[in-house]
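Everything below concerns the one structure shown next.
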Ligand code: CTP
Ligand code: CA
């Protein structure tokens, strides 16, 4: 099959990948989300799988197809993504957290459609916080578990990468600035800065997302 042509340097390693956006339902017909396409995470999942890893992919809505050798768990909301990832985590050797998880969910109105009559002057929506999947699983990682997080920022990339590395107890943070044309939501390429624990930030060139993924797996395979 597909896998036979690749080096099997991740053979036997069990890796959790979160990917895609989450969708937080508000009323019967509306939800809160973000433009994540799941492309970066899918590239990571495929690279891991090609190199022999046992991959558990926890996928938000719209995540692209994955080879059938990857265990795929489709989820909708952040809370559900958290529950599935949390249940898988203890059996994993590593986690790569690429998902664009909604930090907050609107307080849901229920299954009915919200009607504009009665809200002519506008209205407010209240939001409640969601669990931080990476921070929760990173902060309870056991010896031998490796954690890779992502950080997408509009400014202050270096500082937030350093902060997130510590706050989430990650071993590496892959960061990118969103808003440009060669990186971020939905693009085919990515320009990332990588910060490993105890190391200095390293800038990688603009690369197709599959190549960024391959290099991330190179780093995991060396550990
Ligand atoms: N993450 C997560 N669960 C969340 C929020 C974020 O697992 N509820 C993960 C993302 O998958 C990513 C990393 O945390 O790997 C950083 O996400 P990001 O949104 O950049 O950081 P936040 O900590 O949420 O902070 P902010 O959005 O305020 O920058
Ligand atoms: Ca966030």
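The values are calculated or read from the model by the stated rules, or taken from the named source; none is laboratory data. Please read these numbers as outputs of a predicted model, since none were measured by experiment. All Cβ positions, even for glycine, are placed from backbone atoms using ideal geometry, and neighbour counts span all protein chains on display.
Has segment 18-35 got any residue that is at pLDDT below 95, touching a strand residue (DSSP E or B) at 6+ places or on another chain (Cβ under 9 Å) and either assigned to a loop (DSSP other than H, G, I, E, B) or surrounded by 22 or more Cβ atoms within 10 Å (Cβ to Cβ) (or both)? Within segment 18-35, one or more residues are at pLDDT below 95, touching a strand residue (DSSP E or B) at 6+ places or on another chain (Cβ under 9 Å) and either assigned to a loop (DSSP other than H, G, I, E, B) or surrounded by 22 or more Cβ atoms within 10 Å (Cβ to Cβ) (or both).
Of the set (1) within 12 Å of ligand 1 (Cβ to nearest atom); (2) in contact (Cβ under 8 Å) with a residue 24 or more places away in the chain, all apply to residue 162 but (1). The condition of being without any contact (Cβ under 8 Å) to a residue 40 or more places away in the chain and within 25 Å of residue 61 (Cβ to Cβ) holds for only one of 179, 186, that being 179.
Residue-by-condition table, conditions (1) buried (at least 16 other Cβ atoms within 10 Å of the Cβ); (2) more than 22 Å from residue 24 (Cβ to Cβ):
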position: 68; (1), (2): no, yes
position: 73; (1), (2): yes, no
position: 80; (1), (2): yes, no
position: 84; (1), (2): yes, no
position: 88; (1), (2): yes, no
position: 91; (1), (2): no, yes
position: 94; (1), (2): yes, yes
position: 98; (1), (2): yes, no
position: 110; (1), (2): no, no
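Scanning segment 198-223 for residues that are under 20 Å from residue 16 (Cα atoms), touching a strand residue (DSSP E or B) at 6+ places or on another chain (Cβ under 9 Å) and without any contact (Cβ under 8 Å) to a residue 40 or more places away in the chain yields 211, 215. Can residue 61 be described as under 30 Å from residue 107 (Cβ atoms) and modelled with pLDDT under 95? It is false that residue 61 is under 30 Å from residue 107 (Cβ atoms) and modelled with pLDDT under 95.
Inside segment 56-104, residues that are in a helix (DSSP H, G or I) and either away from ligand 2 (no atom under 16 Å from the Cβ) or out of contact with any helix residue (DSSP H, G or I) (no Cβ under 9 Å at 6 or more places or on another chain) (or both) make up a count of 8. Taking (1) within 8 Å of ligand 1 (Cβ to nearest atom); (2) farther than 26 Å from residue 15 by Cα in turn, residue 103 satisfies each apart from (2). When the strands (runs of 3 or more DSSP E) confined to segment 122-223 are screened for residues that are surrounded by fewer than 18 Cβ atoms within 10 Å (Cβ to Cβ) and within 16 Å of ligand 2 (Cβ to nearest atom), those reaching at least 3 such residues are found at 127-129.
How many of the residues making up segment 106-139 are in contact (Cβ under 8 Å) with a residue 40 or more places away in the chain, more than 10 Å from ligand 1 (Cβ to nearest atom) and within 18 Å of the chain's Cα centre (by Cα)? Residues meeting the conditions: 0.
Tell me, yes or no, whether segment 71-85 has at least one residue that is in contact (Cβ under 8 Å) with a residue 60 or more places away in the chain and more than 19 Å from residue 137 (Cα to Cα).
No, every residue in segment 71-85 fails to be in contact (Cβ under 8 Å) with a residue 60 or more places away in the chain and more than 19 Å from residue 137 (Cα to Cα).
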